[in-house]
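Data block below; observations after.
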Amino acid sequence: SLSEKLQGVFKNLRSKGRLSEADVKAALKEVKMALLEADVNFKVVKQFTNTVTERAIGSDVMNGLNPGQMVIKIVNEELVNLMGSEVTDITYGTGGAITTIMMVGLQGAGKTTTTAKLAGKVKQRGKKPLLVACDIYRPAAIEQLQVNGKKQDVEVFSLGQEKPLKIAKEAMDYAKKNGFDVVIFDTAGRLHIDEDMMNELESIKSNIDILNTILVVDAMTGQDAVNVSQTFDEKIGIDGVIITKLDGDTRGGAALSIKAVTGKPILYAGMGEKLSDLEQFHPDRMASRILGMGDVLSLIEKAEAEIDKDAAIALSKKVKKASFDFNDYLTSMAQMKKLGGLTSILGMMPGINSSQMAQLENAVDDKKLAHIEAIILSMTPAERENPKLLNPSRKHRIAAGAGLDIAEVNRFIKQFEQSKKMMKQMPNMMGKGRRGMRFP
Ligand code: GDP
Ligand code: MG
């Protein structure tokens, strides 16, 4: 695999005291071969190795104390750049506009499954999604969406074998009348790129205000997935990509090349057949996975350097005894900031499934931390120690003090109780060393 190869290369580099220009070149020759074998687009490979060579040679690498690490750092950073350095999500409509998402892609890519998976994510944001069955060519496709919609407890709109555009229009009317704020259209794919399919998608796109055209591609098709992305983007225009079956893809070539070739980001990754197996796509984690120096490793390093072990152990004892209060929450927030957020830690923990993960992500969105801090700081010391004191009038006072809506205060307190319950069920996360952790 690519990661093994790169690890082999870098093992040699690590053992050397200094790197010569020839060393960098030799290493990057290996990187180039490994990337090509991983089915990364050859133009992307060429561009990538050029960039890394340019940066590596003539930089501090030659004089650095640990030249191998420096090369790894550059390769890692450039891999992240290649995939888009930021986490990107669906664009949500503003000012009460319905968020429309059209799922497109070849047959078997995973559109119908991913439509239902995505509905779960949308629901977690507190929104009300409607799924629309626009794949009219296979009766089984409508039923498949209905079955999956039911599992997610999400309504499915269908008019049987009517024309897709008519279905889409009526679905929008239905959504408006019934208070749905997100509409996801599951469309029909074909085995290959096909004029009829493109025309059908085009007609929906030109008649309905589609905010997100999301291409679903199968990671296991490697280079084909990249070509398909390029063609769809040229013909109908896409806003982002969801890459499926990443659980079965050992090469990683498609994930690496899509952004570089189309300029469009990967939003989510399908990691299995279950409806909870959809994860936000993190370019940095993917780069680490491809390089084979999983984020667990760097996480442990960071943790060992920065976490005050005694405090952590005390905290984990409190968590276990469920005497965890708002003061502990503040302390753990400070520690988590150092570690790059709770969700990045939990993502590495064994024994947490993706639906628990999603719940936690929802509960402790890193961006909400500032609000949470404001809420806790607006509590009296007694309230911080004893969450049970928080009656409605106290909550109002806290909301006013934090400059936030009472609803947000209530939500946080509810989530606090939930996290507390979940933390109690988790294996001892703070006290243990490497043994309990797994490589991604
Ligand atoms: P569509 O034709 O594009 O609508 O594709 P489907 O949603 O029907 O999916 C085709 C097959 O791929 C089904 O058997 C799915 O269960 C499977 N599938 C979809 N996404 C994933 C994934 O992320 N991982 C795995 N292992 N299987 C997936
Ligand atoms: Mg389908």
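Quick notes on this structure:
- Total formal charge among the other residues, if their Cβ is under 13 angstrom from that of Gly403, Lys/Arg +1 and Asp/Glu -1: -2
- Across segment 94-101, coupling constants 3J(HN,Hα) worked out from phi with the 6.51/-1.76/1.60 Karplus curve, θ = phi - 60°, read 10, x, x, 5, 6, 7, 9, 10 Hz, and Gly and Pro carry x.
- Charge tally for Ala97 (other residues, Cβ to Cβ under 11 Å; Lys, Arg +1; Asp, Glu -1): -1.
- Cross-link table Lys127/Lys421; Lys128/Lys264; Lys73/Lys127; Lys111/Lys169; Lys264/Lys421, entries beyond 30 Å C-alpha to C-alpha: Lys73/Lys127; Lys264/Lys421
- Label point distance in nm, Lys368-Ala22, each placed 7 Å from Cα along Cα→Cβ: 5.8 nm
- HN-Hα J in Hz across segment 155-162 - Karplus 6.51, -1.76, 1.60, θ = phi - 60°, x for Gly and Pro: 6, 10, 9, 8, 10, x, 8, 4
- Extension gain from Gln161 to His192, taking 0.36 nm per residue of separation minus the Cα-Cα distance: 9.0 nm
- Computed magnitude of the charge dipole of segment 99-291 (debye, nearest 20; Cβ of K, R +1, Cβ of D, E -1): 600 debye
- For segment 398-415, the residues whose amide N sits under 18 Å from a probe point set 7 Å from the Cα of Thr380 along the beta carbon direction are 398-402.
- Modelled label reach - Gln47, point 7 Å along Cα→Cβ, segment 232-267 residues with backbone N closer than 13 Å: 256-265
- A straight chain from Val147 to Lys274 at 0.36 nm per residue would run longer than the Cα-Cα distance by 44.4 nm.
- When segment 99-291 is described by a simple charge dipole with +1 on each Lys and Arg Cβ and -1 on each Asp and Glu Cβ, the residue from Ile242, Thr262, Ser206 located farthest towards its positive end is Ile242.
- With neighbours defined as other Cβ atoms within 10 Å of a residue's Cβ, the residues Arg394, Arg138 order from fewest to most as Arg138, Arg394.
- Förster-model FRET efficiency, 45 Å R0, Tyr137 and Glu77, C-beta, rounded to 0.05: 0.50
We did not get these values from a lab; they are worked out from the coordinates using the rules stated. Treat the numbers as computed from the prediction; the structure is a model and nothing was measured. When we count neighbours, we look across all protein chains shown, and the Cβ atoms used for this are built from the backbone with ideal geometry, even at glycine.
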